[in-house]
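Student: Quick one: structure below, then a few questions.
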Amino acid sequence: MTAAGALLVVGDVVTDVVAVHTEPLAPATDTAARIRTLPGGAGANAACWAARTGSAEVRLLARVGTESARWHERALVDAGVRPRLVIDPQEPTGTVVALVGEDAERTFLTDSGASLRLCPADWAPSLLDGAAHLHLSGYLFFADSSRELAMVALRAARTRGVPVSVDPASAGFLAALGPQRFLDAVAGAGVLLPNEDEARLLAGLPEGSGVARAATALSRRVPLVVVTRGPAGALVAERGRITAEVPAAQPAEPVVDSTGAGDAFTGAFLASRLEGADPAESARAGCRAAAAAITHPGARP
């Protein structure tokens, strides 16, 4: 990548309802929690972290409902992102309820709403004008309409010589779609950014298999694979071999909520690459952003 040009993210904008509870969930009765309603969405989160980390212009294409379009647009603009939000006439903005336990790990309840109703009609070739990189949120590939849009964008980027990255997004949704179907859909992407579970699943390896083996196998299909490993940092594989093992950065404050740590990594990694950094240094930038993300509720900077 070069420092010239914008980062275009095509993905999801959702409303996050984050419930942080210090006691285990008590079935059939109340559990005290601190609850906040915040802007979220994997694609939007990554765009915001990229804007925070780098100097390149960051654009976002996503679909939202009428009820919260202005709120989401303002949040993105305030974060330094140039949003192009398509307002869905039928569905509300997607909503994710994140249940965050004492260990800061989270469980998601997801209503995709308008976010996966992106369609080829929402695409415009001008979105790539001046773009140096296209990033596709993996959530797009889990519904027919948005998957078709993602493939249109990917083909358009390749035709214009714009590099493409993909974040697989969800091991659960990947399993439902089928790993091979996902890999076929993202053929032509130059960068894949899975977590450990997603990497093993996409490589066809059982749980417990070495992540290095998965990363190496995937990098024979996608030239650059960067696997996020939570507290273990990140693993970089290029064209069939491991080229870097990057340790996690230490949070400057107590860990509160791991929601969005992967999105923070993705955004900072891409911003760093646009500044001209190599994959290992960009992974270090991603780890620093992830360490910052987990010290406050929500997934945005």
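The values are calculated or read from the model by the stated rules, or taken from the named source; none is laboratory data. Everything quoted here is computed from the prediction, not taken from an experiment. Please note: Cβ atoms are built from the backbone with ideal geometry, for glycine as well, and neighbour counts cover all protein chains shown. Side chains included, ligands, DNA and RNA excluded: accessible areas come from the protein's heavy atoms. Shrake-Rupley method; radii C 1.70, N 1.55, O 1.52, S 1.80 Å.
Student: How many residues are open to solvent by less than 30 Å² (accessible area, probe 1.4 Å), under 19 Å from residue 150 (Cβ atoms) and not in a helix (DSSP H, G or I) when one looks only at the range 185-223?
Tutor: Adding up the residues that qualify gives 8.
Student: I'm trying to understand the selection: among the residues of the range 182-197, which are under 19 Å from residue 10 (Cβ atoms) and either at pLDDT below 95 or out of contact with any strand residue (DSSP E or B) (no Cβ under 8 Å at 6 or more places or on another chain) (or both)?
Tutor: Of everything in the range 182-197, those that are under 19 Å from residue 10 (Cβ atoms) and either at pLDDT below 95 or out of contact with any strand residue (DSSP E or B) (no Cβ under 8 Å at 6 or more places or on another chain) (or both) turn out to be 182, 183, 184, 185, 187.
Student: Take the conditions among the hydrophobic types (A, V, I, L, M, F, W, C), within 18 Å of the chain's Cα centre (by Cα) and surrounded by fewer than 20 Cβ atoms within 10 Å (Cβ to Cβ) and apply them to residue 143. Does it pass?
Tutor: yes
Student: Please verify whether the range 263-279 includes one or more residues that are charged (D, E, K, R) and open to solvent by less than 30 Å² (accessible area, probe 1.4 Å).
Tutor: Looking for residues that are charged (D, E, K, R) and open to solvent by less than 30 Å² (accessible area, probe 1.4 Å), one finds at least one in the range 263-279, hence yes.
Student: Which residue out of 51, 46, 26, 6 is surrounded by fewer than 23 Cβ atoms within 10 Å (Cβ to Cβ) and modelled with pLDDT of 95 or more?
Tutor: Values: 51 fails: surrounded by fewer than 23 Cβ atoms within 10 Å (Cβ to Cβ); 46 fails: surrounded by fewer than 23 Cβ atoms within 10 Å (Cβ to Cβ); 26 fails: modelled with pLDDT of 95 or more.
That would be 6, the only listed residue that is surrounded by fewer than 23 Cβ atoms within 10 Å (Cβ to Cβ) and modelled with pLDDT of 95 or more.
Student: Now for a separate question. Any idea which residue in the range 84-133 is surrounded by the fewest Cβ atoms within 10 Å (Cβ to Cβ), counting only those that are β-branched (Val, Ile, Thr) and not in a loop (DSSP other than H, G, I, E, B)?
Tutor: In this case the residue turns out to be 107.
Student: Would you check if residue 288 is open to solvent by 20 Å² or more (accessible area, probe 1.4 Å), in contact (Cβ under 8 Å) with a residue 60 or more places away in the chain, touching a helix residue (DSSP H, G or I) at 6+ places or on another chain (Cβ under 8 Å) and under 25 Å from residue 132 (Cβ atoms)?
Tutor: Answer is no for this residue.
Student: Look at residue 59 and say whether it is among the basic types (Lys, Arg) and at pLDDT 95 or above. Before you say what the answer is, go through the steps one by one.
Tutor: Working: among the basic types (Lys, Arg): yes; at pLDDT 95 or above: yes.
For residue 59, the condition - among the basic types (Lys, Arg) and at pLDDT 95 or above - is met.
Student: Okay, next question. Of all residues in the range 84-108, how many are farther than 26 Å from residue 34 by Cβ and in contact (Cβ under 8 Å) with a residue 60 or more places away in the chain? Talk me through it step by step, then tell me what you get.
Tutor: Kept after step one, since they are farther than 26 Å from residue 34 by Cβ, are these residues of the range 84-108: 84-91.
Adding the requirement that they be in contact (Cβ under 8 Å) with a residue 60 or more places away in the chain leaves 85.
Residues meeting the conditions: 1.
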